[in-house]
1. Out of all the residues in the range 1-45, which are at pLDDT 95 or above and of a type in the set (Lys, Arg)?
2. Which residue pairs have Cβ atoms under 7 Å apart, sit 6 or more places apart or on different chains, and have a first residue in the range 175-199 that is touching a residue at least 24 places away in the same chain (Cβ under 8 Å) and a second that is part of a strand (DSSP E or B) and among the small types (Gly, Ala, Ser)?
3. With the checklist (1) open to solvent by less than 30 Å² (accessible area, probe 1.4 Å); (2) within 16 Å of ligand 2 (Cβ to nearest atom) in hand, flag the one item Ile211 doesn't pass.
4. When the residues of the range 331-358 are narrowed to those that are within 16 Å of ligand 1 (Cβ to nearest atom) and assigned to a strand (DSSP E or B), which ends up farthest from the chain's Cα centre (by Cα)?
5. Count, please, the residues in the range 359-410 that happen to be more than 19 Å from the chain's Cα centre (by Cα) and part of a loop (DSSP other than H, G, I, E, B).
6. Would you point out which residue out of Ala189, Ala180 is farther than 30 Å from Asp406 by Cα and open to solvent by less than 60 Å² (accessible area, probe 1.4 Å)?
7. Going through Gly167, Gly152, Gly178 one at a time, which residue ends up being more than 16 Å from ligand 3 (Cβ to nearest atom), at pLDDT 95 or above, within 19 Å of the chain's Cα centre (by Cα) and assigned to a loop (DSSP other than H, G, I, E, B)?
8. So how many residues does the range 84-108 have that are under 18 Å from Val403 (Cβ atoms) and out of contact with any Asp or Glu (no Cβ under 9 Å at 6 or more places or on another chain)?
Amino acid sequence: MSLPSDAQPLQLDGETLLKQIRSLGEIGIEPGREGRTRIALTDADKAGRDRLRQWMDALGLNVRTDRIGNIFGTLGADGDQQAPLMIGSHIDSVADAGELDGCYGVLAGLAVVRAFRDAATTPTRPITVAAFTNEEGVRYQPDMMGSLVHAGGLDIEVALDTLGTDGTRLGDELDRIGYAGDLSPGALAPHEYLELHIEQGPILEAEGIQIGVVENLQGISWQQITIKGSANHAGTTPMHLRRDAGWVASSVISELREIAVDGTLATAGCLRLEPNLINVIPRKAVFTVDLRHPDESHLRVAEQKLAALLARMADEEGVEVWSEQLVRFQPVTFNAELAAAIESSANRLGLSHRRMTSGAGHDAQMIARIAPAAMIFVPSQGGISHNPREHTSDDLLLAGAQVLLDVVQQRLAQA
Ligand code: HGY
Ligand code: MN
Ligand code: MN
């Protein structure tokens, strides 16, 4: 579908976009650590939010914050009158993170708005750029929390009462950093939603492809598992008389490879032993298991295998075992029309592209509950992410942003 003749292609200010990515990426850099750390609702997250707000204000956007701290910058009449085309992602990070995960999509949204501003063109529908709270979910679960609340999938009071891994209450931290807004969750309901993101995986680079047209996103299951055994002396307790929580935990973790079959991914990211002393048999082990699969039935089988393994271990080793479900999101299919629009933009711009599944969770999977949503990926160098070495070349970053701008123009031309 070609653009109407009057919709002159707008110009992307790539230089400002790249400058803002670098500038935001400087926030949260700590001496002696690699990368940046802007974990949700920390002072570093606040500093990143403050800088984003400054950029939104400088663009003359109508900036509003909702009760879970989601930040919305709207160009054009306030989104209240007419549902906006929303471009979103997140600016919170994991620890020792790269500069692109989430930030790229939010700042590319600003670049789209800037292109309209620079051409003194009023979009036919308001454009809202959204930065959702706590997408990573590493301090407060679940992940994608801000967009889940926005989509009505999590009650705001429950979200505000969430206790973090550090024992803090989410609502108190939101107040402390000054981002407990007054806009009710979901008030800015999008007409459509687009998210530009780095792939964070190896596929596009391995195939030498520039643009990923993300058709779907895999299901996610996060559990925190507690094993309770009994402490005893490491030097006096025969192996067959132990109730060793540490040994059981490591046995379960090592068996995850047996569960991770048929495309299932299994990860034990956190592990804590008590009393965590060299000469004491651990009385307690707490660890997390992240299971993912694009197909719900496969994900369920993986969960059942894990549950059976835990029950067997409890029986054989005489330990107590229990599991807390931290996150459970079903696989999501994105909007076919938007995916086709992304494809036609990539074609028009002469960019190679392929349809694909997202391995990572994204805010788009939550917004897909309330509006047509789709994602655009660009390659990650070495498939690396959640790592300071996360990188995508400038020309690929600009290519992705160009596709985003082109898709937005296409969709607004239909308004
Ligand atoms: O866990 C994820 O996939 C995302 O980075 N929150
Ligand atoms: Mn992300
Ligand atoms: Mn991430």
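The values are calculated or read from the model by the stated rules, or taken from the named source; none is laboratory data. This structure is a prediction, so every number in the text was calculated from the model and none was measured. We place every Cβ from the backbone using ideal geometry, glycine too, and count neighbours over all the protein chains shown. Ligands, DNA and RNA are stripped out before the accessible areas are found, and what is left, the full protein with its side chains, is counted by its heavy atoms. Shrake-Rupley method; radii C 1.70, N 1.55, O 1.52, S 1.80 Å.
1. Result: Lys19, Arg22, Arg36, Arg38.
2. Pairs found: Tyr193/Gly88; Tyr193/Ala373; Leu194/Ala374; Glu195/Gly88; Glu195/Ser89; His197/Ser89; Glu199/Gly212.
3. (2)
4. The extreme case among them is Met356.
5. The total comes to 1.
6. Going through Ala189, Ala180 in turn, just one is farther than 30 Å from Asp406 by Cα and open to solvent by less than 60 Å² (accessible area, probe 1.4 Å): Ala180.
7. Gly152
8. 5
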